[in-house]
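In what follows, a single structure is set out as structure tokens and then discussed.
The values are calculated or read from the model by the stated rules, or taken from the named source; none is laboratory data. Since the structure is predicted, the reported quantities are computational estimates derived from the model, not experimental observations. A quick note on method: Cβ atoms are made from the backbone with ideal geometry, for glycine too, and the neighbour counts reach across all protein chains shown.
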Amino acid sequence: MAELFLTGFLSIFTIKIIFLITIGVAIGIIFGAIPGLTATMAVALCLPMTFGMEPIAGFSLLIGLYIGGISGGLISAILLNIPGTPASIATAFDGYPMAMRGEAGKALGVGIVFSFIGGFIGILFLILLSPPIASFALRFGTFEYFAVSIFSLTMIISLSGKSIVKGLISGLLGISFAMIGSAPIDSAKRFTFGNYDFDAGLSLLPVLIGLFAISEILRTAEADKDAEEASLASFHIKGFGFSMKEFLSQKWNALRSTMIGLGIGILPGIGGGTANIIAYVAAKNQSKYPEKFGTGVIDGIVASESANNASIAGAMIPLMTLGIPGDTITAMLLGGMMIHGLHPGPLLFVNQPKIVYGIFAALLVANLMMLVLEFLGMRVFVKLLSIPKHILLPIILVLCLVGSYGLNNRMFDVWTMLAFGLIGYTLDKLKFPLPPVILGFILGPIIEINLRRGIMISKGSFVPFFTRPISVVFLLIALFSLIFSIVKSKKSS
């Protein structure tokens, strides 16, 4: 393995490939930081550019875009309370409150460092344990995915804030919105009201931008200007903005969150959008001071950023070893591999070891480059807070409009974004939490399609859901998690 590593690193340590990785990470950070312009869009736009390149060069660029795009979402999440990508939703929960009390530099520093650590540990697992982890993931079928999704759905209680009832209503709203459009399996039309635009359902990106970005713009627009300007205290940054003691205090949180991100990343179709929320909830449930979450503690940022960057390596494991993409970005990477004549799977490690370990080396270098570029730009990022809101908010609104329209090149997504902006603003006014809406929206379709597939496979019987070992284990964990969360909530109230 040592020789293969050396060969892989030598294959990427050329001026051309290091330049491609650097450019890829830089563009990815920009796309991740701007609401609506996600890592998925960055890879989609740049994929055609790689067709004329050698495989290692092309994938180095795409990997840089992938890592930069996922990590870049923390910038707008912390500074503007607008997640740049679905993978950075939970980062805003504590990052923005820290920024509002003059600790934007510290919040960014924590996010950047633990993005790097989560990504680095995840890549090490990818390199060392890909085949055995992928073979275990093959045991997950329809029944197991249903059980995992039900377990993930119980996290709504921990995201509900002071009112479990309002949190559950928010989660049900998210599931209801996800049911709009053609049903899985039989494509029956639901809640379309005869409008063909609804047939394909509502896309996650406009819903996310609307709930968090547009509603935040509306809230900021009505806020007291003098009070807001007073909250933007002057700041100073030394290093990454936090002490070694604070760093060491987060070691178990970071490790746990990385493992959650890695595990969820391996499972196709779930990805970093769910991983960061589940890691955040796990950190809150295991914390000695859960009541402080959401008020501006670094624990929440550590959990979210460690998990979403580890999910990158998790998604790469089934892609490299089995040829199964873990998310939309790895699906595009799979297409890129096939165009270059590569066929992901066990034989790829035998037939093309130089390319495989070149990709591993590119992942490590891109992760390091992300740390360097975001650290160098950190002081510039924080200065966004000093831009007058009457200038900044219209720019953000235009970027949101462009991002939503650019998803599918249709105005329907723009109207969806604006509608969910009003919905998010109304829910916030009524003290309904927004995170459960997104969690329900993401998990609802996964639960439904796997429930229907499972019933079809078992010919109408629910018994396999409760008899298959992995499935029953996750359902029991979900039950215990539900009971524990309710009891804990009653004690704290």
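Identify all residues within segment 296-340 that are among the small types (Gly, Ala, Ser), surrounded by fewer than 24 Cβ atoms within 10 Å (Cβ to Cβ) and touching a residue at least 12 places away in the same chain (Cβ under 8 Å); write none if there are none. Across segment 296-340, the qualifying residues are 296, 323, 335, 336.
Under the condition of being at pLDDT below 75 and within 21 Å of residue 308 (Cβ to Cβ), the residues counted in segment 204-240 number 1. If you check 87, 92 for being in contact (Cβ under 8 Å) with a residue 12 or more places away in the chain, touching a Phe, Trp or Tyr at 6+ places or on another chain (Cβ under 9 Å), within 23 Å of residue 396 (Cα to Cα) and part of a helix (DSSP H, G or I), only one passes: 92. Residues in segment 90-132 that are within 14 Å of residue 261 (Cα to Cα) and among the aliphatic types (A, V, I, L, M) were compared, and the one that is surrounded by the fewest Cβ atoms within 10 Å (Cβ to Cβ) is 124. Residues that are surrounded by 15 or more Cβ atoms within 10 Å (Cβ to Cβ) and free of Cβ contacts under 8 Å to residues at least 24 places away in the same chain: does segment 191-199 have at least one? So far as segment 191-199 goes, yes, one or more of its residues are surrounded by 15 or more Cβ atoms within 10 Å (Cβ to Cβ) and free of Cβ contacts under 8 Å to residues at least 24 places away in the same chain.
Among the β-branched types (Val, Ile, Thr), within 25 Å of residue 409 (Cα to Cα) and not in a helix (DSSP H, G or I), is that true of residue 70? So residue 70 does not fit the description; no. Residue pairs whose Cβ atoms lie under 8 Å apart, separated by 6 or more positions or on different chains, with the first residue in segment 8-30 and closer than 17 Å to residue 360 by Cβ and the second charged (D, E, K, R) and part of a helix (DSSP H, G or I), are 8/354; 11/354.
Among helices (runs of 4 or more DSSP H) entirely within segment 240-301, having at least 3 residues that are within 21 Å of residue 78 (Cα to Cα) and touching a Leu at 6+ places or on another chain (Cβ under 8 Å) singles out 272-286.
Of everything in segment 324-336 that is touching a Leu at 6+ places or on another chain (Cβ under 7 Å) and of a type in the set (Gly, Ala, Ser), the residue that is farthest from residue 43 (Cα to Cα) is 326. Based on this model, can you work out whether residue 56 counts as within 16 Å of the chain's Cα centre (by Cα), touching a residue at least 12 places away in the same chain (Cβ under 8 Å) and assigned to a helix (DSSP H, G or I)? Against the criterion (within 16 Å of the chain's Cα centre (by Cα), touching a residue at least 12 places away in the same chain (Cβ under 8 Å) and assigned to a helix (DSSP H, G or I)), residue 56 does not qualify.
Take the residues of segment 128-149 that are of a type outside the set (A, V, I, L, M) and at pLDDT 80 or above: which is nearest to the chain's Cα centre (by Cα)? Within segment 128-149, the match that is nearest to the chain's Cα centre (by Cα) is 149.
Residue count for segment 176-227 under the criterion of being over 28 Å from residue 97 (Cα atoms), touching a helix residue (DSSP H, G or I) at 6+ places or on another chain (Cβ under 6 Å) and assigned to a helix (DSSP H, G or I): the result is 3.
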